[in-house]
Every structure is written in C-alpha cells, then in structure tokens.
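One structure below.
Read-outs throughout are calculated quantities, based only on the coordinates presented, and are distinct from any laboratory measurement. Values in this document were obtained by computation on a predicted structure and should not be read as measured data. Every residue, glycine as well, gets a Cβ built from its backbone with ideal geometry; the counts of neighbours run over all protein chains shown.
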C-alpha cells in the first residue's frame, strides 16, 4: 500500500477513483493501494447499443481520477472514457485526471504517408474537449504525444517495475536489444539500469502487421538477450527479431514489453517462438486464453497509486522515474 503520511479523513474524502469497463481489476488494485473505495459508476447500454452511464457518488468539489486504458475494444473504451469525463465535469468535480495506463490510437502519431490521420492528436483533443484537466499516462508509444495535449501530462515509465524483475533473475552476459531504431532511447535506459551493452535490430516494415528483419547492429553472439519494446500487437515483429537474434548466436532470449495488446494469433506465435519468456505489465488485461506459461504479467498498480497520491497533494512525481534512465 502507498504510504500516505498526510492522508487524513477529510483529504481521503476529497479523492475519488472511477473506472469504466476496460480494466476494472487494475482500478480496484489501485484503490486498494490508496486505501480508498472505488467510486460507484452505473454503466450499461441503451437498447440500440449507446453507452448509458451515471456516477452514483457525490463528487462535487472532489479530485477525480478516472482509470481507463483505451484498450480492446478501443472504440468502446475510448467512448466510455469521454463519457465518464463529461459526467464528472457536469457533476462539478474540482479536477479531473484521466489515468491512461495504455493510450490507444497512438501508433498514428505523424503523417508518414499521404492522406492519413494523426489519431494520437485527435484522441488527445477529444479528451481535453470532454473536460479532463490533467492526464497521467504510462509508456506512451512516442514521447512527443505529451505535447498533443493542451493540459498537463504526467508520463510514467514502467522500467523500474520491469527492471526489478530482471535484476532478481541475475542473468549473466546480458545485452539489451531494441527491435527497431525508434526504441533506442528505451533500450539505452534499460542498458544503463542493467549496466550492459545494447544492440539494435534493423528492420523494414512491409505493412502494419508484417516486418522484414534486415540485420543486427551490435554483438549478441554468446549473450543472453532482453528485447525491449513498448507494445506487442500481433507479435510478428518480435518473433522475427527473436529468430534473427538466435541465428546470430544469442543464447536465452527474453522479451520485455510494456503493453500486451496480443491481437490475433500473437499468443500462438509467442508460444511456438524461440522466446524463453515474455514479461508484460497489467496496463492491459490478459484474458484466460492469453495466460500461458511463457507470459509473465507484472502489476503497475502501486506505481500508478503512488503517482495519483502525489498529484492529489500537488507533489513532484519525478522521483518515480528519476532512476529509470530516462528524462522526466
């Protein structure tokens, strides 16, 4: 549980934690860490499928935190988030913070082809327009997404949660690998944490779900490898990168991925791959069909609870990632 030294009865009542249907288990765990009950939200559907919602607690003048990763189904999760924010605003909440353990629609964060949208900016605009005063996010797909919001954004990193797990394993002859050039900064942070070298898999993306590995930059022969990335979707890129690393002489291959989207046949790909273990966070829920022995899920609830507590008291959260090898 988070140590809330200043939390008295009155201040406890000033903080409200709400959630939709995308990940209630994580919200309950955060509430338990904070030592407060989860807010009462009536969530249903009108006959034609529209979302019906009512906040049944009095939140007038309260500091409201809405935990809602916009994960599968992304459109439903996003609409629930927007409606929750709107309901809180109309209920006269003092401040509304959207807690986004996973920020969907982030992969389209720039115009890399003609006539494509920038959905990351569009969703940011929607969240701000709905009435959010602040955003608390975890491992955004691209750091510049913070600037898409016209409200304060606190960007947390899961590196200490995931890194601690690997430190306990005491893996020798370790090298951290980024599966693409875009992940170099993250890989460098982990390499600093583990005090080891890092390498890069140079790949060419054919389309949204298929990639072609070209070659590996760095020495991996005779080394145990940890592949670092922010998200796994279909698993094609990760499995192909692991195969290329094995061909290059790598020993045990682990994958350290923050957000386990695991769409389509991703679980089957992981199961039949050369990857020894896939470590993910619970920023996205794992269904029973995705809980295989190769996949280990770690909780980010204590980290999010600590950040929520600090935001509530207007304290700095930089200490939560000052040792993460990344800049605040």
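Below are the figures for this structure:
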read-out: Considering only the stretch 159-298, percent of DSSP beta bridges that pair antiparallel, nearest 5; value: 20 percent
read-out: Using distinct alpha-carbon pairs, which all enter the 1/r mean, Kirkwood radius of the stretch 159-298 in Å; value: 14.8 Å
read-out: Selected from 39, 249, 49 as most flexible by GNM, with the chain as the system and alpha-carbon contacts under 10 Å; value: 49
read-out: Neighbour-count order for 18, 174, 298, fewest beta carbons within 10 angstrom listed first; value: 298, 174, 18
read-out: Acute angle (nearest 10 degrees) that the helix 159-169 long axis makes with the longest principal axis of the chain, alpha-carbon atoms; value: 50 degrees
read-out: Residue-span extension gain [residue 202 to residue 291] - 0.36 nm each, minus C-alpha spacing; value: 29.0 nm
read-out: Rg and Dmax [Cα atoms of the chain; Å; Rg one decimal, Dmax integer]; value: 20.2, 61
read-out: Inter-part distance where the stretch 25-47 and the stretch 68-89 are each reduced to a Cα centre, Å; value: 13 Å
read-out: The chain: antiparallel DSSP beta bridges as a percent of all, rounded to 5; value: 20 percent
read-out: Per residue, the convex hull volume that the Cα atoms of the stretch 95-215 enclose (Å³); value: 125 Å³
read-out: Crossing angle, helix 24-34 versus the chain [Cα axis fit, 0-90 degrees, rounded to tens]; value: 70 degrees
read-out: Rg over Rh [alpha-carbon atoms, Kirkwood Rh] for the stretch 51-160; value: 0.98
read-out: Gaussian network model of the chain, Cα within-10 Å springs - most flexible of 234, 70, 119; value: 119
